[in-house]
Every structure is written in C-alpha cells, then in structure tokens.
1. Could you derive backbone 3J(HN,Hα) for the range 164-181 from the dihedral phi with the Karplus parameters 6.51, -1.76 and 1.60 (θ = phi - 60°), listing whole Hz in sequence and x where the residue is Gly or Pro?
2. What full-extension length gain, to one decimal in nm, is calculated for residue 197 and residue 139 as 0.36 nm per residue of separation minus the Cα-Cα distance?
3. Once label points are set 7 Å from the Cα along Cα→Cβ at both residue 228 and residue 152, what is their separation, rounded to one decimal in nm?
4. Pull up all non-local amide H partners of residue 51: gap of 5 or more, or a different chain, and H-to-H distance under 5 Å with H placed in the peptide plane.
5. Around residue 83, which amide H atoms from residues at least 5 apart in sequence, or from another chain, sit under 5 Å from its own amide H, with H modelled in the peptide plane?
6. Which of 26/126; 44/220; 26/220; 35/83; 126/192; 83/126 have a Cα-Cα distance over 31 Å?
7. Extending each Cα 7 Å along its Cβ direction at residue 119 and residue 131, get the distance between those two points in nm, one decimal.
8. What full-extension length gain, to one decimal in nm, is calculated for residue 49 and residue 208 as 0.36 nm per residue of separation minus the Cα-Cα distance?
Amino acid sequence: MRNFILLITLVLALPIIGFSQSKKAKSFSGMLEYKISVRDSSLKDLVPDNRMIVYSNDTIVRIENFTKSLGKQVAIKHMHMDKSYLLLETDFGKFAIQMDESEAQEKAQATDTAAVEADNYVFKKKCGKKRLLGRKMNRLVVSNPDFGEPIEFLYMKGYSTEMVNAYPEINGIPTKYSVITPDAIFDYELVKINEYTPKHDLFGIPSDFERVSFDDFMDKMIDSKAGNGGE
C-alpha cells in the first residue's frame, strides 16, 4: 500500500502540472529517457538505479516508470485537458485509473504545497554551456537546504517545459536535475533523446484495461487483499 501511495504521489508531482509557456518555446515531439539514481552513496546498494521514459506528440505525454517492487507503470496525460490516467497491471486485473475527477482538489492542495516548498529553491544561471548527448545544455546552480550544497542542473533551452515540468522555473526541458522525496534525493540524467513523431496508438488505453476512478481502484485492491486473507 505504501509503495502504491508513493507511486501516485510521484506521478502527480512529475511532468505537466501547468502549461503557461512562452509562444517562443517550441513543443518537443519524440522520446526522452532518464536514468534515476539515489544521490546518497550509502543508499546505493539498497536503492538500485531506475529509469524513466517520456514520450510526447505535442498534445499527449506518456511516462513510463520501472521499479522492482511495482514493475512497469505508465501514466498518460493530456497536456491541454485536465485528464490523466495511470495504467497498472496487478494480480487482480489491469486498470486505467482516471486521476482527474475526485482527485482535483487533492491535486490543487498538492500544488499549493509545492508552491510553498518552491520558496526553498534558489536558481542561479551559470556561465558557459555543457554538452550532453552531443547537444549544448544551459547550466543552473540550484540551492535548497535539503541538498546540503548547491547542485548543478542542465536543461535544453528553447523548448516548452510541458513535457518534463519537474521545475516550472526552468525555461526549457531539464536534462540533469535532482528531486527531493521523503526517502531520499534522486538524480535524473538524460541518457537518450530521439526527436520524431510517435505513433498515436502509443498514447491510447489498451482495450483489456478497465477504466476506473482512483476510489474504485482502492476498493478493488482492498477487496483483493481481503480475499487473499489480508496478505
């Protein structure tokens, strides 16, 4: 249960919280793959590296996460509509969990909390550029009391942040950045990029997935555990 709640929190906190962008910024169409690793070296043996793959076709984003405990999770988010789904395969069925109705207030509250926490961040531009995957990246020095010391972020300038909106203050797609969670600080680094137009089917919900609300899914999960003797 704790792992699932953490997953929901991460999905809501990841890309596409807001879409206020400059008209000069262009949307990214294609695929980005990130390596995710824990920053604290003492935890590296306990928390293996993960990856996140993000696809976009200008209007819809598909986010794939991989964890040992939960396997593959997929989030599909419509960038110009308040609609998103979390696709999960479980022992008691396949579900497309709709996250945009009764959860609206919770998301708003989470956004308010994020706004307060954003006050703890200080972003400073750094001169010069760095190359990553053969591309020039802009640099930022980002400070937060939980970081201990400032961390250098990299980002691709000129693109709208709607695909990966981990930090709305960054004017572009972040390609190397860190995220604070209750358990640890995680480093994200772009390891693959491919600009193309993904097939529309990639952003659909498979026919064998049942569309349910978040509350309905939780009821089904509780019933499943009760049927298995509460394991």
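Any read-out appearing in this document is the output of simple, stated calculations on the displayed coordinates, not a laboratory observation. In this text the structure is predicted, and so the values were computed from the model without any measurement. Cβ atoms come from the backbone with ideal geometry, glycine included; neighbour counts cover every protein chain shown.
1. Couplings: 10, 9, 4, 9, x, 5, 7, 8, x, 8, x, 10, 8, 7, 10, 10, 8, 10 Hz.
2. Working: separation 58, 0.36 × 58 = 20.88 nm, distance 2.79 nm.
Full extension of this stretch gives 18.1 nm more.
3. 4.6 nm
4. Correct list: 36, 66.
5. Result for residue 83 returns 78.
6. Numbers: 26/126 23 Å; 44/220 34 Å; 26/220 42 Å; 35/83 27 Å; 126/192 24 Å; 83/126 37 Å.
Pairs exceeding 31 Å: 44/220; 26/220; 83/126.
7. Label at residue 119, label at residue 131, 4.3 nm between them.
8. On the way: separation 159, 0.36 × 159 = 57.24 nm, distance 3.06 nm.
Length gained, residue 49 through residue 208: 54.2 nm.
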